[in-house]
Amino acid sequence: MENIQSLLEARVRAALDPECGVPVVVHPSADKRFGDYQTNVAMLLAKQQKASPRQVAEAILAKLEVVDCCLPAEIAGAGFINFRLRPEFLSRRVEALAGDERLGVAYPKHRRKVVVDFSSPNVAKPMHVGHIRSTILGDALARIASFLGHDVVRDNHIGDWGTQFGMLLVGWKRDMDAGALVADPLVEMERIYKLVSARCKEDPGTLEAARHELVRLQSGDEENLALWREMIRLSQSQFDHIYGRLGVRFDVCLGESFYNGRLKSVVQELRDRQIARESDGACCVFSTGEGAPEADPFLIRDKEGWRANPALVQKSDGAANYATTDLATLEYRMEEWAPDEIIYVTDGRQQLHFRQIFAIFSRWRPEDAARVRLAHVWFGSILGEDGKPFKTRSGDTVRLRDLLDEAEERALKVLEAKNPELGGEERREIARVIGIGAVKYADLLPNRQSDYVFSWDRMLSFQGNTAPYLQNAYVRIRSIFRKGGVEGGAPRAVQLQEEAELALAKRLAQFGEVLPQVMEDHRPNVLANYLYELANTFHAFYEACPVLKAEGDAKDTRLVLCEVSGRVLRLGLELLGIGVPERM
Ligand code: ARG
């Protein structure tokens, strides 16, 4: 089903000279006084033709055919064209939504292959709160892209290679507490890592030993390889446990080590094509000097002006690094999946890294680079209520597992107070859905590039823009059907009359407009905010219009509005990775 926005855009386009080249954008009006949808196309066209915008708008209206869906369009202000939808048109829309499994979300014209690189924790360290944003944002984007109809590959690019393994191997051989390893492998691995890394700072002997173990690992020593594999296995099983609790899955988990075999040839090719060159024994990529310095990731400005900020692709000891691995990964992904888009979800500190990688890639593989959209979807930090990085009371990083436990515990308390009738097992299950949902929603709601303050009380509140508020709106709708003993999903005729009914119908029809917008610049918060507006519009409708007490057509109409609202809320939350209970 084509959404109303696209429908109106097509109608406006049909009223224009096809050669005019002006982009046609119709968007929902921010203010009801300006109708339901608006376009500024007459103003753009007037500028091009050096004519009066209102006259241009008149000319468009003379050709515009929208009688089937809109009341006569109006010209307003400096030349806006305003559209007001006809109630009968909206009634048919709501009926169509009720009969549409996809709730009005059209399939895209071109199905795209999209790789989402997200979560990607480092091996041998417990997942902490810093990993939650990548996991939650990446999962939501992958869900939305696949629901839209794209072909999505979810790739967990775990950090399973690097210098840390030298220290881990020393610690594993000398300091391992086997009992502690069984009890909590990641905590024990982290302990030995910290121990050895502190010792390395004081004792050159330990540092030397760590180097030696690393070299043995890199040169394929069987014993070290086996230990390294064991570390990965233990880490992976703990990651999987967290992913299970979060309801997150991956199609592939190709960690950094997977690309080891390609690193040498990547560096060689970059050298051969004179993209990278020797610098102080290392191998680096420098600026080409083309283009504006502001946009050049290989330049940086300091007091004296612009200076070189090269990307290192091989260290002076001959070892490859994070950048080399990411280039090899890109090469592999292009060969294996030929994607149209690759989305990397990491924190904002990696912005320079990805700008450099993308720039090197377009010099190295220009044809591939022209075909694929590479997007670094970065995010800000989570802060404590004191405005400083979020930590435990004792100042440690917050373990993800503890955070999820606390979310469920707190949700349980809230639930006990709110609805004491809910019984043990059911209550636990609902608390899980609410607690995890609250954490996810609080993470998805802010503009992803800003930092946000982590607040249990706010995220678990049933008031305001929170997951429990949205889940509760869904539960309310379900209880209407239970109470009324009526079935959802039965075909019913819709005849919208009341203002509140019309407002809700318009909101519901926007669902199909919102999802593609999320993918435009990878902002799940657009969907979160839409769902909040929907819940508010639903509540206003529910206050103004009795449902079960209504009769005849009014009752049928309202039941359909309730049913579709419930389905949009449930699907919308599911696309954010958030579940809904039937009662709470
Ligand atoms: N392991 C990295 C980290 O924890 C994130 C990896 C992101 N993906 C990538 N292809 N570089 O920071």
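The values are calculated or read from the model by the stated rules, or taken from the named source; none is laboratory data. Keep in mind that what you see is a predicted model, and the values were worked out from it rather than measured. We place every Cβ from the backbone using ideal geometry, glycine too, and count neighbours over all the protein chains shown. Areas reflect the complete protein model, heavy atoms only, side chains present, ligands, DNA and RNA absent. Shrake-Rupley method; radii C 1.70, N 1.55, O 1.52, S 1.80 Å.
For the range 253-280, backbone nitrogen atoms closer than 20 Å to the point 7 Å from D240 Cα along Cα-to-C-beta are found at 253-258. Relative to the longest principal axis of the Cα atoms of the chain, the long axis of helix 322-337 lies at roughly 50 degrees. Axis of helix 499-509 versus longest Cα principal axis of the chain: the two differ by about 40°, to the nearest ten degrees. Extension gain for the segment R92 to V25, taken as residue separation times 0.36 nm less the Cα-Cα distance, is 21.7 nm to one decimal. May I ask you to work out the translational diffusion coefficient for the range 450-584 at 20 °C, viscosity 1.002 mPa s, via Stokes-Einstein with Rh from the Kirkwood sum over Cα pairs, reported in whole µm²/s? The estimated diffusion coefficient comes to 137 µm²/s.
Across all directions, the shadow cast by the convex hull of the range 160-212 built on its C-alpha atoms averages 3.5 square nanometres.
Each peptide in 424-434, 44-54 gets a packing score, the mean of other Cβ atoms within 10 Å over its residues, and the list from highest to lowest is 424-434, 44-54. Averaging 1/r across all pairs of distinct Cα atoms in the chain and inverting the result yields a Kirkwood radius of 27.3 Å. At each listed q (0.16 Å⁻¹), what is the log10 of I(q)/I(0) that the Debye formula gives for the range 1-149 modelled as equal alpha-carbon point scatterers? Listed by q, the Debye log ratios stand at -0.93. All alpha carbon pair distances within the range 384-512 were sorted into 5 Å bins beginning at 0; the resulting P(r) in whole percents reads 2, 8, 13, 17, 17, 12, 11, 9, 5, 3, 2, 0, 0.
Between the helical axis of 552-575 and the longest alpha-carbon principal axis of the chain there is an angle of about 10 degrees.
Computed over Cα pairs, the Kirkwood radius of the range 522-584 leads via Stokes-Einstein (1.002 mPa s, 20 °C) to a diffusion coefficient of 166 µm² per second.
Extending 7 Å from Cα along the Cβ direction at R233 and again at E406 yields two label points whose distance is 3.4 nm. Residue-normalised convex hull volume from the C-alpha trace of the range 91-167: 109 Å³ per residue. Using C-alpha pairs under 8 Å with a sequence gap of at least 6, the mean separation divided by the residue count of the chain gives a relative contact order of 16 percent.
Semi-axis lengths, largest first, of the ellipsoid equivalent to the range 299-363 are 25, 16, 11 Å, with √(5λ) applied to each eigenvalue of the Cα gyration tensor. Shown is the FRET efficiency for R355 and K483, computed with R0 = 41 Å from the Cβ-Cβ distance and rounded to the nearest 0.05: 0.15.
In the range 474-506, whose amide N lies under 17 Å from the spot 7 Å out along Cα-to-Cβ of F147? List them in ranges. Under 17 Å, as judged by backbone N against the label point of F147, lie 474-475 of the range 474-506. Note on R567: accessible area is roughly 50 Å² with a 1.4 Å probe, heavy atoms of protein only.
Over the range 77-210, the hull volume per residue, using the convex hull of the C-alpha atoms, is 239 Å³.
Each 5 Å bin from zero up to the one holding the largest Cα-Cα distance in the range 145-288 carries the following percent of pairs: 2, 8, 13, 15, 15, 14, 12, 10, 7, 3, 1, 0.
Among the GluC sites (Glu not before Pro) found in the range 86-167, those both in a DSSP coil and sparsely packed, with 14 or fewer other Cβ atoms within 10 Å of their Cβ, are E101. Straightening the chain between R111 and D203 buys 27.4 nm, computed as 0.36 nm per residue apart minus the Cα-Cα spacing.
Quick check: Cα centre of the range 346-420 to Cα centre of the range 42-106, how many Å? That distance is 40 Å. Does the range 64-131 come out rounded, prolate or oblate by the C-alpha gyration tensor, with a ≥ b ≥ c the root eigenvalues, rounded set by a/c under 1.5 and, if not, prolate when a/b is larger than b/c and oblate if not? The shape class here is prolate. Karplus-based coupling profile of the range 206-216, in residue order and whole Hz: 5, 4, 4, 4, 5, 4, 4, 4, 5, 4, 4, with θ = phi - 60° in 6.51 cos²θ - 1.76 cosθ + 1.60 and x standing for Gly or Pro. Over 29 Å apart at the Cα level, from the set K125/K440; K413/K440; K388/K440; K113/K315; K194/K391, are K113/K315. Give me the base-10 log of I(q)/I(0) for the range 370-456 at each q in 0.21 Å⁻¹, Debye formula, one uniform scatterer per Cα, rounded to two decimals. Log10 of I(q)/I(0), two decimals: -1.03.
The value given for the range 275-328 is a Kirkwood hydrodynamic radius of 12.0 Å, derived from the mean inverse Cα-Cα separation. Helix content alone sets the calculated 222 nm mean residue ellipticity of the chain: runs of n ≥ 4 DSSP H residues at -39500 (n - 2.57) each, divided across all residues, give -17000 deg cm²/dmol.
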